[in-house]
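Read the structure below first, then the notes.
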Amino acid sequence: MSTVRNLSILSVAIALAVAVLVAPMAHAPMPSQTPSTTPQYFTCAEIIPGISGSNPSHVVVWLRLSNVTTPNGLNYLLSQMYYNPTSPYFHSFITPSQFASWYSPPSSVVSYITSLASQYGLTVLYTFPMLIEASGSASAVDGFLTALQSAPSNIQQWILAGECIPIGYFAANSKGPVYKPSYVKTPLPQGYTVSQVLNNAVKVNGKPAYTILGRPSQFYAYPFEIWLPFGLEFIYDEYPVFISGYLGQGYTIAIVDAFGDFNFTIANQQLAYQDVACNDLYTFDQIFGLPNPPSCQVIYPTGMPILTPYNLGIAEGWAGETALDIEYAHAMAPGANILLVVSPDSGDDLFVAVEYVVANQLANFISLSWGAPEDVFYMPPVSYNLLYGYDEIFMQAAAEGIGVFAASGDWGAFDLFVYPIEPSVIYPASDPWVTGVGGTTLYATISPTFMVTRTEYAWNWNPLFMWGTGGGYSFTFPETIGQSLIDITYERPFVYEPNLGIDFYTVGHRGVPDIAADANPFTGVLIVLNGVIPPYIVGGTSLATPLSAGMMATVQSTMPTFTIGDLAPTLYLLYQNYPSMFYATQTTAPLQSYLTGIPGFMFQSLGGQNGVYWVLQGRWNPVNGLGQINVYGLSSALELINSR
């Protein structure tokens, strides 16, 4: 990156920060917090202008669930499940068949849509409570969507949106959301190779990289502090539960990604797809001394990826994302099963893949290290009804006791993909039934007297690198019940949005994130990709998210009689009811304490900012949420919740 461009970026960032503070009140309408009563349709020709009519495509029709806001409906049930410890429904979850029978739209609506799809030569792949997916050619999809827009009103009233998903492309216009992986990487320090890092993990140039209990944990090369798997397990206080035999066994973590982890050589030579994800995980385990998971499986609910010259580059980026996700979810829960769920594209087939896991109860926890800025769904032509369709998937996951974690993004509080850049949270981290995960900078030292000093700050917004932890307030969703219970802070009541043309009134909106974990690439990790460790350090909230999902699988294994489900509501209840016990307050403790357990349910961030908002130590904030998981402490906290 040139110096001129650095100064330009810095000046843009400073200008935006000033605009956020001093922009005059605008008169454009606020984004709607309810879906439009008119369905929003997006044809293949609109998504990819000039697309061939024979191009293979998927079509998704997003439906409105029934009995959501009615008395004793889905909203009521979820509130009782997660926020009323005296309710018989508290953490007593339902099955997919119960969800479908109670909340699906009328069967006549489903029959009409599937019959119409068949008339246009489409093959119906799935009928889930909130969506119907079919496949066929782009011309058949567009014919179907055009006909669907003329459906009777008693059908249309149940439709949120209908969209084409062209297969084999990676880019679309604003009508077709494309999700970006939330990881960043930086080269190894100058003069270092991967072999040097691995072979000299105890001492490099006379500088120690701490070993704990005889196992390498960190590698220091200024300004980097590379965390090895055992170091992360240790510093997030997993060791006390590990030595008691709790490693996540009996539970499954699903990783949902686009394209998966595939053989680059074959892909570039033949545009052929060959999965290598589990092989990379096994190599990772061998290098870092971890046991293989009891099970590592890869599934393709909506078809295997088709590699083309249009999508190969972006697919290779997703391969790095996939490797990071499965390797570090596994590192934090070495006894848990790993299920990689691959979408053939980086569009809304990702959400269909999530629903496939939920509807078939294939996992206990789901990790989503990708997202899209919320603001784009409100830019013409608007597509915000899609957000309400996705939200229904996560409502079902919560109702079934499946915990979903999603990355808050790596671009600070901003959407960097519009000009001028503007504040925006990232979806699905902003969904009210997802635990949003922000990013931190994680340091630790051990003194000659075996005192461990643990310091964790926000992964700060850096206008030079244009990165930092995401966070802020949702345009779409109101604050959650849990956030209302603890009276979350609205650090800026108004935030100027230049592209939307509004001063966004943040008060009363869902705050993001809920928690955080290590994400700064300067305190990042190494991955195995295509059988080798690439010569760079990886970070981003794509690291924080699988770390958190893995930690919670380990926590869950300590109390199998109490199903956690969505983590965020439990944390807000704990914060409200046990404020003096919530945080681990000491930053320095004897090493022995990390072997017996650090008291406190969460570690707190000690400071930092994301370009618009800042950390409030000891309180929820739109940078790092409630802080970072203390695995031992949170395992102890489950007993308090379960006994109420």
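The values are calculated or read from the model by the stated rules, or taken from the named source; none is laboratory data. Keep in mind it's a predicted model, so treat the numbers as computed, not measured. With ideal geometry, Cβ positions are generated from the backbone for all residues, glycine too; neighbour counts draw on all protein chains shown. Surface areas here come from the heavy atoms of the whole protein model, side chains and all, with no ligands, DNA or RNA. Shrake-Rupley method; radii C 1.70, N 1.55, O 1.52, S 1.80 Å.
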Requested in this report: Could you calculate the contour length gain from Met304 to Ser484, that is, 0.36 nm times the residue separation minus the distance between their Cα atoms, to one decimal place in nm?
Outcome: 60.6 nm
Query raised in the report: So for region 385-518, Kirkwood radius off the Cα pairs, Stokes-Einstein at 20 °C and 1.002 mPa s: how many µm² s⁻¹?
Result: 132
Query raised in the report: Taking amide H positions as placed 1.01 Å from N in the peptide plane, with prolines and chain starts having none, which residues 5 or more places from Gly260, or on another chain, fall under 5 Å of its amide H?
Result: Ser343
Query - Dipole magnitude of the chain about its Cα centre (Cβ charges: Lys, Arg +1; Asp, Glu -1), debye to nearest 20 - result: 800
**Report entry** For region 344-415, Kirkwood radius (reciprocal of mean inverse C-alpha pair distance, Å)
**Finding:** 13.4
Query - Heavy-atom accessible area ranking, 1.4 Å probe, most first, across Tyr378, Tyr427, Tyr76 - result: Tyr76, Tyr378, Tyr427
**Report entry** For region 290-438, projected area of the alpha-carbon convex hull averaged over all directions, nm²
**Finding:** 9.8
Report summary line: Length gained if Leu271 through Met581 is fully extended, taking 0.36 nm per residue and subtracting the Cα-Cα distance, is 106.1 nm
Query - Sulfur and carbon atoms: percent of accessible area, the chain [1.4 Å] - result: 56
Requested in this report: With r as the distance between the Cβ atoms of Ser118 and Asn72 and R0 = 35 Å, compute the FRET efficiency 1/(1 + (r/R0)^6) and round to 0.05.
Outcome: 0.45
**Report entry** Vicinal HN-Hα couplings computed from phi for region 144-151 (Karplus, 6.51 cos²θ - 1.76 cosθ + 1.60; Hz; Gly/Pro x)
**Finding:** 5, 5, 5, 5, 5, 5, 9, 5
Query - Folded to 0 to 90 degrees: helix 567-577 orientation relative to the chain principal axis, Cα - result: 60
Query - Per-residue ³J(HN,Hα) for region 503-510, Karplus 6.51 cos²θ - 1.76 cosθ + 1.60, θ = phi - 60°, Hz, x for Gly and Pro - result: 9, 6, 8, 7, 4, x, 9, 4
Requested in this report: Please report the relative contact order for the chain, taking Cα pairs under 8 Å with a sequence separation of at least 6, and give it as a percent rounded to a whole number.
Outcome: 18
**Report entry** Distance between modelled label sites at Met451 and Ser111, nm, 7 Å Cα→Cβ extension
**Finding:** 7.5
Report task. Over 16 Å, how big is the tail of the calculated P(r) for region 422-461, in percent of all Cα pairs? Result -> 59
Report summary line: Percent relative contact order for region 521-643, counting Cα pairs under 8 Å at least six residues apart, stands at 21
Report task. Sum -39500 (n - 2.57) across every DSSP H segment of at least 4 residues in the chain, then divide by the residue count to get the 222 nm mean residue ellipticity, nearest 500. Result -> -9500 deg cm²/dmol
Query raised in the report: Got a sec to turn the phi values of region 525-535 into Karplus ³J(HN,Hα) couplings, 6.51 cos²θ - 1.76 cosθ + 1.60 with θ = phi - 60°, whole Hz, x for Gly and Pro?
Result: 9, 9, 10, 9, 9, 6, x, 9, 8, x, x
Query raised in the report: For region 540-573 and region 624-644, what is the separation of their C-alpha centers, rounded to whole Å?
Result: 9
Query raised in the report: Quick one: how many Å² of Phe219 are accessible to a 1.4 Å probe, rounded to 10?
Result: 0
Report summary line: The alpha-carbon center of region 379-413 and that of region 60-136 are separated, in whole Å, by 16
Requested in this report: Calculate the length of the line joining the C-alpha centroid of region 304-345 to that of region 436-471, in whole Å.
Outcome: 25
Report summary line: Heavy-atom accessible area of Ser111, protein chains in place, probe 1.4 angstrom, given in Å² to nearest 10, is 70
Query raised in the report: How high is the relative contact order of region 562-630, in percent, with contacts defined as C-alpha pairs under 8 Å that are six or more residues apart?
Result: 24
Query raised in the report: For the pair Asn499 and Leu464, what calculated FRET efficiency results from E = 1/(1 + (r/R0)^6), where r is the Cβ-Cβ distance and R0 = 22 Å, to the nearest 0.05?
Result: 0.40
Report task. Provide the net charge surrounding Pro493, with neighbours chosen by a C-beta distance below 15 Å and charges set as Lys +1, Arg +1, Asp -1, Glu -1. Result -> -4
Requested in this report: Give the label of the value calculated from the structure for Rg and Dmax of the Cα atoms in Å, choosing from (i) 23.5, 76; (ii) 29.8, 102; (iii) 34.5, 120.
Outcome: (i)
Query raised in the report: How many Å² of accessible area per residue for the chain, probe 1.4 Å?
Result: 34
Requested in this report: Pull up all non-local amide H partners of Met602: gap of 5 or more, or a different chain, and H-to-H distance under 5 Å with H placed in the peptide plane.
Outcome: Tyr583, Ala584, Asn630
Query - Tilt relative to the chain, helix 349-359 - C-alpha long axis, 0 to 90 degrees, to 10 - result: 80
Query raised in the report: Given H placed 1.01 Å from N in the peptide plane, which residues other than close sequence neighbours of Phe504 have an amide H under 5 Å from its amide H?
Result: Val495, Tyr496, Glu497
